[in-house]
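> Before I ask anything, let me first share the structure, which is written out below as structure tokens.
The values are calculated or read from the model by the stated rules, or taken from the named source; none is laboratory data. What you are looking at is a predicted structure, and each value in this text was computed from that prediction instead of being measured. Note that each Cβ is placed from the backbone with ideal geometry, even for glycine, and that neighbours are counted across all protein chains shown.
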Amino acid sequence: MGKKYVKMKELDKEIKEKSKVIAVMNNKGGCGKTTTAMALGMYLTRTGNNVLMWDNDPQSNLTQRLGLQDDMKKDNRLHYLFKYPEKKPDISLIAEYPYLQRIPGTKEGVGKVGIMPGSHYSESYADELDLRFKRFGGIFQEETGYSSIFNYFNERMNYYKKYYNFIVMDTAPALEGNILNQLAVRVADEIIYPVDGLDAALGIRQILNWMDVQTSTLDTKPNGLFAMVKYQKETKGMKSYDADKMSRNSVYRTLKDVFGEFVCDNGVRELKSLRHATKGLPGFGGKTDYTVLCEEIINRQTLDRENLFEYIKRDGVIKDLESKLSLIAKKVRKRKPEFKKPKYVNKPLKQEAIINEGEY
């Protein structure tokens, strides 16, 4: 029987100050958030970092992908963080993967993989805690030591950042009214936006506007990167004109034209062989498209660059994006349905039916 605990040493002061929270977010479901979060977390672990994989999605897909099933460790899940704000934040777990290999050329050994398991009850408990803060105000603040759920969640992040170089957070495919996503965007240092095609790209304005409002009171806003994940070789109905595989995709070309340095040049193409991959492909060993993409994501964060939320306020940026995407949509959707107003006609009941009804 293995050891019950894994000792986590507090990081050195200089390293601790560089700890980051990376949230993977998009309001479209199925665009590759969980896969990207898992691949990024494993890549960072393989380069010698301690990484806390944080499942902020009530569906808990990341938790399941990491090997923790719904019937395991119910007392070690995210909803406990919101249920007991007065308790010490020690509910995360450590996963020891026997096949986790360091990336060749990396000086450090493999880091530790921590898991903050998701919970189907996490959103409801978070909503309840938020309500308690709002309803009882100073009394509840005196009891817990925190002024709001955002203050509380941020302090919990700071606790874990003392032990982990990175916290990689998977999120739910929802925005408005979702307290878990409100918390995620406010604690993130960097946000990765996976885009799998036209539908996900068309929702970018909504995502960025919502996040801009959510982070309006923060002294420092998170930065962001777009990454093509699970993308098709080319959008249907569009002609390829470039030999490079990423440039063949019209959505990528549009994002690159509009957002430039905020768009990753590497991506992961949709392949059947990658859909149900476990060992190797999400980043456990070997070199894959995921590995190359994750390497670029981390490298771009080290560059001196403008903040995405400042960039989108430039005149014409969002308008240019929507104009170019609408052209793609027109070419893709050549056979559009024709919409007409319905005219409802009520048929009079037959005389026989009226007579029968009167008998009752």
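> For segment 15-50, which residues satisfy the criterion of being over 21 Å from Thr63 (Cα atoms) and in contact (Cβ under 8 Å) with a residue 24 or more places away in the chain? Give the derivation first.
First, pick out the residues of segment 15-50 that are over 21 Å from Thr63 (Cα atoms): 15-19, 47-48.
Answer for segment 15-50, where residues must be over 21 Å from Thr63 (Cα atoms) and in contact (Cβ under 8 Å) with a residue 24 or more places away in the chain: Ile15, Lys16, Lys18, Ser19, Thr47, Gly48.
> In this structure, does Phe82 turn out to be surrounded by 18 or more Cβ atoms within 10 Å (Cβ to Cβ), under 23 Å from Gly177 (Cβ atoms) and of a type in the set (Phe, Trp, Tyr)?
Considered against the rule, which asks whether it is surrounded by 18 or more Cβ atoms within 10 Å (Cβ to Cβ), under 23 Å from Gly177 (Cβ atoms) and of a type in the set (Phe, Trp, Tyr), Phe82 comes out as yes.
> Among the residues in segment 22-30, are any touching a Gly at 6+ places or on another chain (Cβ under 7 Å) and of a type in the set (Lys, Arg)?
Within segment 22-30 (the criterion being touching a Gly at 6+ places or on another chain (Cβ under 7 Å) and of a type in the set (Lys, Arg)), the answer is yes, since at least one residue qualifies.
> A further question on this structure: For the structure I just gave you, tell me whether Leu129 is among the aliphatic types (A, V, I, L, M), assigned to a helix (DSSP H, G or I), without any contact (Cβ under 8 Å) to a residue 60 or more places away in the chain and more than 15 Å from Asp55 (Cβ to Cβ). Explain how you work it out, then say what you get.
Numbers: among the aliphatic types (A, V, I, L, M): yes; assigned to a helix (DSSP H, G or I): yes; without any contact (Cβ under 8 Å) to a residue 60 or more places away in the chain: yes; more than 15 Å from Asp55 (Cβ to Cβ): yes.
Yes, satisfied.
Table: residues versus (1) over 16 Å from Ala329 (Cα atoms); (2) buried (at least 17 other Cβ atoms within 10 Å of the Cβ); (3) modelled with pLDDT of 75 or more.
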{"residue": "Lys239", "(1), (2), (3)": "no, no, no"}
{"residue": "Lys245", "(1), (2), (3)": "yes, no, no"}
{"residue": "Asp257", "(1), (2), (3)": "yes, no, yes"}
{"residue": "Phe262", "(1), (2), (3)": "yes, yes, yes"}
{"residue": "Asp265", "(1), (2), (3)": "yes, no, yes"}
{"residue": "Glu270", "(1), (2), (3)": "yes, no, yes"}
{"residue": "Ser273", "(1), (2), (3)": "yes, no, no"}
{"residue": "Thr278", "(1), (2), (3)": "yes, no, no"}
{"residue": "Pro282", "(1), (2), (3)": "yes, yes, no"}
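> I'd like the residue in segment 85-140 that is closer than 22 Å to Val21 by Cβ and among the hydroxyl-bearing types (Ser, Thr, Tyr) and, out of all such residues, is surrounded by the fewest Cβ atoms within 10 Å (Cβ to Cβ).
Of everything passing the filter in segment 85-140, Tyr125 is surrounded by the fewest Cβ atoms within 10 Å (Cβ to Cβ).
For every residue, the table says whether it meets (1) in contact with a helix residue (DSSP H, G or I) (Cβ under 7 Å, 6 or more places away or on another chain); (2) part of a strand (DSSP E or B); (3) closer than 22 Å to Asp90 by Cβ; (4) without any contact (Cβ under 8 Å) to a residue 60 or more places away in the chain.
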residue: Gly118; (1), (2), (3), (4): yes, no, yes, no
residue: Tyr125; (1), (2), (3), (4): yes, no, yes, yes
residue: Phe136; (1), (2), (3), (4): no, no, no, yes
residue: Gln141; (1), (2), (3), (4): no, no, no, yes
residue: Tyr146; (1), (2), (3), (4): yes, no, yes, no
residue: Glu155; (1), (2), (3), (4): no, no, yes, yes
residue: Tyr159; (1), (2), (3), (4): no, no, yes, no
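> Which count do you get for residues in segment 1-26 that are surrounded by fewer than 20 Cβ atoms within 10 Å (Cβ to Cβ) and part of a loop (DSSP other than H, G, I, E, B)?
Count: 14.
> Got a number for residues in segment 151-180 being of a type in the set (S, T, N, Q) and more than 21 Å from Thr217 (Cβ to Cβ)? Lay out the reasoning, then the answer.
So the first thing to find is which residues in segment 151-180 are of a type in the set (S, T, N, Q), and the list is 151, 154, 158, 165, 171, 178.
Adding the requirement that they be more than 21 Å from Thr217 (Cβ to Cβ) leaves 165.
Summing the residues that are of a type in the set (S, T, N, Q) and more than 21 Å from Thr217 (Cβ to Cβ) in segment 151-180 gives 1.
> Can I ask one more? Only one of (1) in contact (Cβ under 8 Å) with a residue 12 or more places away in the chain; (2) within 28 Å of Lys107 (Cβ to Cβ) fails for Asp12. Which number is that?
Among (1) in contact (Cβ under 8 Å) with a residue 12 or more places away in the chain; (2) within 28 Å of Lys107 (Cβ to Cβ), the lone unmet condition for Asp12 is (1).
> Tally the residues that are closer than 22 Å to Tyr160 by Cβ, in contact with an Asp or Glu (Cβ under 9 Å, 6 or more places away or on another chain) and not β-branched (Val, Ile, Thr), restricting the search to segment 90-119.
So the count comes out to 5.
> Return only the number of the condition from (1) surrounded by 24 or more Cβ atoms within 10 Å (Cβ to Cβ); (2) modelled with pLDDT of 95 or more; (3) not charged (D, E, K, R) that Tyr43 does not satisfy.
Evaluating Tyr43 over (1) surrounded by 24 or more Cβ atoms within 10 Å (Cβ to Cβ); (2) modelled with pLDDT of 95 or more; (3) not charged (D, E, K, R) leaves (2) as the failure.
> OK, next. Working carefully through the options Arg65, Arg77, find the one that is among the basic types (Lys, Arg), on the phi < 0 side of the Ramachandran plot, at pLDDT below 95 and crowded, with 20+ Cβ neighbours inside 10 Å.
Arg77
> Could you run through segment 100-140 and say how many residues are among the polar types (S, T, N, Q) and farther than 16 Å from Asn56 by Cα? I'd like the intermediate steps shown before the answer.
Pass one, segment 100-140, residues among the polar types (S, T, N, Q): 101, 106, 119, 122, 124.
Next cut, farther than 16 Å from Asn56 by Cα only: 101, 106.
The number of residues fulfilling the criteria is 2.
> Also, I was wondering about something else. Quick check, is Asn249 among the polar types (S, T, N, Q), under 21 Å from Asp320 (Cβ atoms) and modelled with pLDDT of 90 or more?
no
> Name the single residue that is nearest to Glu270 (Cα to Cα) among those in segment 290-300 being surrounded by 15 or more Cβ atoms within 10 Å (Cβ to Cβ) and out of contact with any Cys (no Cβ under 9 Å at 6 or more places or on another chain).
Tyr290
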